[in-house]
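Q: A single structure is presented below for examination.
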Amino acid sequence: MNDISAQQYLILGGPAMVPILLSSVAALTIIIQKYHDFKKIKADAPHLKRDVFALIRENKIKAAILACEKYPSPMGRVLKSGLLQFGNTREGIKDTVNTAISLEVPRLERGLTPLITIANAAPLFGILGTVLGMAMIFQTISVRTAAMDPVTLPDLAGGVWQALLATIAGLVVAIPSFVAYNYFVTKVSKSTNDLEQAGEELSHLLTRLNESSNSSSDQTIDAE
């Protein structure tokens, strides 16, 4: 058994191994891509918030917008949308930020629907392989019986291999895909919460800065 190559396993598993193999490649590609995406988001977000909020406190709105543009990330785009509303009311800023967040959520979720589809479909392909293997066994029995030949274990081995290998392969693809899907769903939820918190902080900070600017202008007018 140890001498059987991966290619031979695929052949022994029957036709159902083809979609299972393709599903495994697609799932692995999605998992690697999403992992790198969230890793980058986790690394960039704290630095971006720190730099942008520091510039806002110094009343350097244009510099803060430029800082956001240096980070092509969900956090950067959300903060930039709010900064572009500087001078607007707090509700206006919050509405714009919330709209930006709602546009980022589908981007964060991109790839998750195919991943959960693979997790659900892979075991079904495995069951298909099992059914085909059982059909092969019964076909062999039927042919042998019709020819009045005794049915031996080697005659049934091909169908048994196909039934078992397809089921195993389907589960091997489905289980990691399902675990990865739930992991990334958690990451999407956390990233969304981080965006909402940053948007709330930004709205509050811009409103205070705007009110401070208006107060300074009023004081100047009164002094005149």
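Q: Which of the residues that make up region 87-104 are charged (D, E, K, R) and free of Cβ contacts under 8 Å to residues at least 60 places away in the same chain?
A: Listed by number, the residues that qualify are GLU91, ASP95.
Q: Sticking with this one: Somewhere in region 89-111, is a residue more than 23 Å from the chain's Cα centre (by Cα) and among the polar types (S, T, N, Q)?
A: yes
Q: Turning to a different aspect of this structure: Any residue at all in region 23-34 that is under 26 Å from GLY199 (Cα atoms) and either assigned to a helix (DSSP H, G or I) or of a type in the set (Asp, Glu) (or both)?
A: Checked region 23-34: at least one residue is under 26 Å from GLY199 (Cα atoms) and either assigned to a helix (DSSP H, G or I) or of a type in the set (Asp, Glu) (or both).
Q: For VAL97, are the conditions met, namely being modelled with pLDDT of 90 or more and surrounded by 13 or more Cβ atoms within 10 Å (Cβ to Cβ)?
A: So VAL97 fits the description; yes.
Q: Quick check on region 164-178: of everything there that is β-branched (Val, Ile, Thr) and closer than 12 Å to ILE118 by Cα, which residue is surrounded by the most Cβ atoms within 10 Å (Cβ to Cβ)?
A: Checking each candidate, the answer is VAL173.
Q: A further question follows. Can you tell me which residue within region 184-206, out of those that are of a type in the set (Ser, Thr, Tyr) and buried (at least 18 other Cβ atoms within 10 Å of the Cβ), is modelled with the lowest pLDDT? Show your work before the answer.
A: Let us first name the residues in region 184-206 that are of a type in the set (Ser, Thr, Tyr), namely 186, 189, 191-192, 203.
With the extra rule that they be buried (at least 18 other Cβ atoms within 10 Å of the Cβ), the set shrinks to 191, 203.
Values: SER191: 94, SER203: 91.
My answer is SER203.
Q: Inside region 106-126, can you point out the residues that are surrounded by 15 or more Cβ atoms within 10 Å (Cβ to Cβ) and aliphatic (A, V, I, L, M)?
A: Listed by number, the residues that qualify are LEU108, LEU112, LEU115, ILE116, ILE118, ALA119, ALA121, ALA122.
Q: Could you check region 62-83 and list, in sequence order, the residues that are at pLDDT below 90 and hydrophobic (A, V, I, L, M, F, W, C)? Give the derivation first.
A: Filtering region 62-83 for residues at pLDDT below 90 gives 69-73.
Scanning region 62-83 gives no hits.
Q: Could you grab the pairs with beta carbons closer than 6 Å, sequence gap of 6+ or different chains, first residue in region 185-211 and touching a residue at least 60 places away in the same chain (Cβ under 8 Å), second one basic (Lys, Arg) and in a helix (DSSP H, G or I)?
A: From residues that are touching a residue at least 60 places away in the same chain (Cβ under 8 Å), the pairs are ALA198/LYS49; SER203/ARG90; SER203/LYS94; THR207/ARG90.
Q: OK, next. Which residue out of LEU79, LEU66, LEU108, LEU84 is of a type in the set (A, V, I, L, M, F, W, C) and without any contact (Cβ under 8 Å) to a residue 12 or more places away in the chain? Walk me through how you get there before you give the answer.
A: Values: LEU79 fails: without any contact (Cβ under 8 Å) to a residue 12 or more places away in the chain; LEU108 fails: without any contact (Cβ under 8 Å) to a residue 12 or more places away in the chain; LEU84 fails: without any contact (Cβ under 8 Å) to a residue 12 or more places away in the chain.
Only one candidate passes the filter, namely LEU66.
Q: Continuing with this model, one more query. So how many residues does region 29-42 have that are exposed (fewer than 15 other Cβ atoms within 10 Å of the Cβ) and not charged (D, E, K, R)?
A: Qualifying residue count, region 29-42: 5.
The values are calculated or read from the model by the stated rules, or taken from the named source; none is laboratory data. Please read these numbers as outputs of a predicted model, since none were measured by experiment. Every residue, glycine as well, gets a Cβ built from its backbone with ideal geometry; the counts of neighbours run over all protein chains shown.
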